[in-house]
Each structure stands twice: as structure tokens, then as C-alpha cells.
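Participant: Here's a structure for you.
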Amino acid sequence: MQATIYIPNYEGARWLGRALTSLREQTRPAAVVVVDNGSSDGSVELVRSEFPEVALVETGANLGFGPALNRAVAERPAEALILFNNDAEAEPRFVEALLDELGAGVEMVAGVLTQERDPALIDSAGVVADATLMGFDYLHGEPLAAARGAADPLGPTGGAGLYRRAAFEAVGGFDERIFLYYEDLDLALRIAARGGRCRLAAEARALHAYSATLGAGSGDKYERTGWSRAYMLRRYGVMSSPRLAARALACESALCAGQLLKDRTAKGIGGRLRGWRDAAGLERREAGSAPLLEISAREALARRRRRRGG
């Protein structure tokens with residue numbers, strides 16, 4: 001099957017070379033496309049001078065994660081779409097292991113990102129979500145061995161995953177209203193609603209520098225995650241259920257309070273208000289039979305705090 005690796009990039013020159021070098025050394029070579037979101041740090045020049053085999057798609061401006069990838073896929077299509085972060089370093093069998101799991105009925109394959117500060121620990125092995133669609137990195141903090149024999153996640157993380165192009169295009173690709181964060185969960189939910197399944201590729205591993213672009217505890221990240229969180233709550237009608245609405249409000253209030261006290265920023269609140277407003281009037285989406293976690297609100301908050309997300 002023809003596979004292409006797509007790397008969204010914005011001001012990532014300090015990591016991009018490492019990522020591209022690791023993809024040169026794959027046991028199963030694949031075409032590579034860097035979609036650059038208007039970087040001014042020499043990223044484009046780096047690709048042209050040191051990685052001439054890599055295709056470049058230049059957007060001219062920072063379109064966001066999903067919109068940039070939609071454009072790259074449209075311009076450089078392949079049967080298997082492999083997404084990869086610019087701040088990751090793939091092990092040699094990364095591509096091969098992803099493709100090995102692409103069996104009948106499988107529309108998505110999740111790779112495994114390991115933590116740069118401790119490569120023996122998992123950073124993310126895909127995305128999962130609770131009943132309110134709060135998203136989590138699957139197996140985060142678990143030893144690498146836990147991925148072997150683990151159940152499959154809901155979908156891949158946007159930093160290390162594979163999608164069949166037919167499934168990707170059938171749901172319209174990434175939602176271009178989502179600039180950054182939760183776009184991979186939203187895509188997985190829409191593919192799952194059509195019966196698409198995800199498989200975990202435990203041997204498709206890559207080292208990951210978590211939140212290298214915006215920073216794990218930055219106000220800018222909280223603003224983006226807050227927007228996406230509220231957008232998802234409204235788009236999927238979570239708040240129409242009194243039980244889920246009460247849980248979501250309690251959890252979001254706790255997260256925003258933590259951001260105020262610990263990181264001295266209210267950007268997460270503003271982001272949530274804007275995300276809720278921007279989802280008004282849009283066609284409602286359904287999670288359908290997507291496999292959601294059965295966990296308590298306390299456990300959901302504990303997982304989120306461990307991740308320093310919002």
C-alpha cells in the first residue's frame with residue numbers, strides 16, 4: 001500500500017531535522033511531506049537544503065494543525081496517510097509496524113510516542129475519551145511494555161498515527177474550525193461513527209518532546225485546548241444531558257481554577273467561552289457507538305492534571 005508521511009510544521013526548525021533524519025532510516029520507506037505553516041525560522045530552507053527528497057507544501061500562514069494537513073493530503077494524496085510530529089524521532093520500524101496493523105476493517109492505526117525525558121515511559125498510544133468527550137492520551141505514563149497486548153484506543157494521536165485515505169476523506173478530513181488540539185479525537189469519533197476501527201501498533205514507536213511548540217503549562221496552550229474543549233461539548237450535544245452537563249461543568253471549572261492558581265492565567269476560560277460561541281448553530285455530531293471510557297469525574301481530572309492539559 002502506498003504510504004505518505006505528513007509533518008505539520010510551524011517554527012520547528014530546531015526539531016524538524018531530527019524528525020526527518022529518523023524517517024530516512026525506516027525499514028519500510030515512505031514518501032515524506034512537510035506542510036509548513038508560514039515559518040520564519042529557517043524551516044523551509046532546512047528542508048530544501050538538507051532533505052531534498054522531502055516534498056514541501058507551503059501554506060504562507062499559520063492555518064493550524066488540521067487545516068494544514070487537509071491541504072497537504074489534497075495536494076499530495078496517498079492510500080495510507082501517516083501523521084507525524086515535527087518534534088518526534090521515529091524508531092526504524094515505525095512505518096513498517098503501522099502498516100502491519102492495517103488489516104480488514106481497520107481504518108486507523110495508533111503508534112506509540114515515548115517520553116523524551118524517560119523513553120521507557122509512554123507519552124501517548126493514541127486518544128481515548130470519557131462520556132463528556134474529555135480526551136486523554138492513551139497509556140500515558142505507563143511503561144513501554146504496557147502497549148504490548150493492550151486494548152485498542154479510540155483513535156490515533158495526531159502526532160503518530162495512520163488513516164486510510166478513503167476513511168479520512170469520507171468524513172471530510174479534519175474539522176478546519178479546530179485550529180489545534182482535540183482535532184484528532186474529533187476525527188476518530190467521526191470515523192468510528194461510520195464503523196471504522198482503530199488498532200494499536202505497539203512496535204510503531206517514536207520519541208516525543210511533549211508540547212514543544214506552545215509549552216505544557218502556557219496560557220496559549222490553555223486557550224487553544226479550552227476553545228477545542230468547549231467546541232466539542234457543544235458540537236456533540238454533551239450539555240443536553242443533565243448528568244453529563246453537571247459533570248462537564250464541574251470538571252471544566254476545576255481545570256480552569258487550577259490554571260488560575262498554578263499558572264496564573266485565565267486564557268483557558270476565555271478559550272472555552274469562544275469555543276462554545278463558535279459552535280453555535282452548527283450541525284450536531286453524534287459519538288454513536290464509539291468506545292468511551294467508563295471512569296469517574298475524579299479519575300478524569302486526575303488524568304488531566306497529570307498531563308498538565310486543560
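The values are calculated or read from the model by the stated rules, or taken from the named source; none is laboratory data. No experiment lies behind these values; they were computed from the predicted model shown. Virtual Cβ from ideal backbone geometry, glycine too; neighbours counted across all protein chains shown.
Participant: Looking at 120, 131, 167, which is the one that is touching a strand residue (DSSP E or B) at 6+ places or on another chain (Cβ under 9 Å), under 30 Å from residue 234 (Cβ atoms), surrounded by fewer than 23 Cβ atoms within 10 Å (Cβ to Cβ) and not charged (D, E, K, R)?
Facilitator: 167
Participant: Also: Which one of 203, 176 is charged (D, E, K, R), in a strand (DSSP E or B) and surrounded by fewer than 19 Cβ atoms within 10 Å (Cβ to Cβ)?
Facilitator: 203
Participant: Another question, then. Report, by residue number, each residue of region 147-163 that is in a loop (DSSP other than H, G, I, E, B) and either surrounded by fewer than 21 Cβ atoms within 10 Å (Cβ to Cβ) or small (Gly, Ala, Ser) (or both).
Facilitator: Correct list: 148, 149, 150, 151, 152, 158, 159.
Participant: Residue 52 - would you say it is in a loop (DSSP other than H, G, I, E, B), more than 28 Å from residue 171 (Cα to Cα), at pLDDT 95 or above and out of contact with any strand residue (DSSP E or B) (no Cβ under 6 Å at 6 or more places or on another chain)?
Facilitator: yes
Participant: Determine the pairs where a residue that is of a type in the set (Phe, Trp, Tyr), located within region 100-113, has a partner that is modelled with pLDDT under 95 and buried (at least 24 other Cβ atoms within 10 Å of the Cβ) with Cβ atoms under 6 Å apart, the partner being 6 or more residues away or on another chain.
Facilitator: As it stands, the answer is none, since no pair meets every condition given.
Participant: Sticking with this structure for a sec: Where in region 218-310 are the helices (runs of 4 or more DSSP H), entirely inside, with at least 3 residues that are among the β-branched types (Val, Ile, Thr), in contact (Cβ under 8 Å) with a residue 24 or more places away in the chain and in contact with an Asp or Glu (Cβ under 6 Å, 6 or more places away or on another chain)?
Facilitator: Result: empty, no element qualifies.
Participant: All but one of (1) part of a helix (DSSP H, G or I); (2) under 16 Å from residue 88 (Cβ atoms) hold for residue 166, so report the exception by its number.
Facilitator: (2)
Participant: Under 6 Å between Cβ atoms, which residue pairs at least 6 apart in sequence (or on different chains) link something in region 1-30 that is aromatic (Phe, Trp, Tyr) and modelled with pLDDT of 95 or more with a partner that is surrounded by 18 or more Cβ atoms within 10 Å (Cβ to Cβ) and assigned to a helix (DSSP H, G or I)?
Facilitator: Between residues of region 1-30 that are aromatic (Phe, Trp, Tyr) and modelled with pLDDT of 95 or more and residues that are surrounded by 18 or more Cβ atoms within 10 Å (Cβ to Cβ) and assigned to a helix (DSSP H, G or I), the close pairs are 6/69; 6/72.
Participant: Here are the criteria: (1) under 16 Å from residue 165 (Cβ atoms); (2) over 16 Å from the mean Cα position of the chain (by Cα). Tell me which single one residue 120 does not satisfy.
Facilitator: (1)
Participant: Another question, if that's okay. Tell me which residues, restricted to region 245-278, are under 18 Å from residue 219 (Cβ atoms), surrounded by 18 or more Cβ atoms within 10 Å (Cβ to Cβ) and of a type outside the set (Lys, Arg).
Facilitator: Across region 245-278, the qualifying residues are 252, 255, 256, 259, 263, 265, 268, 269, 271, 275.
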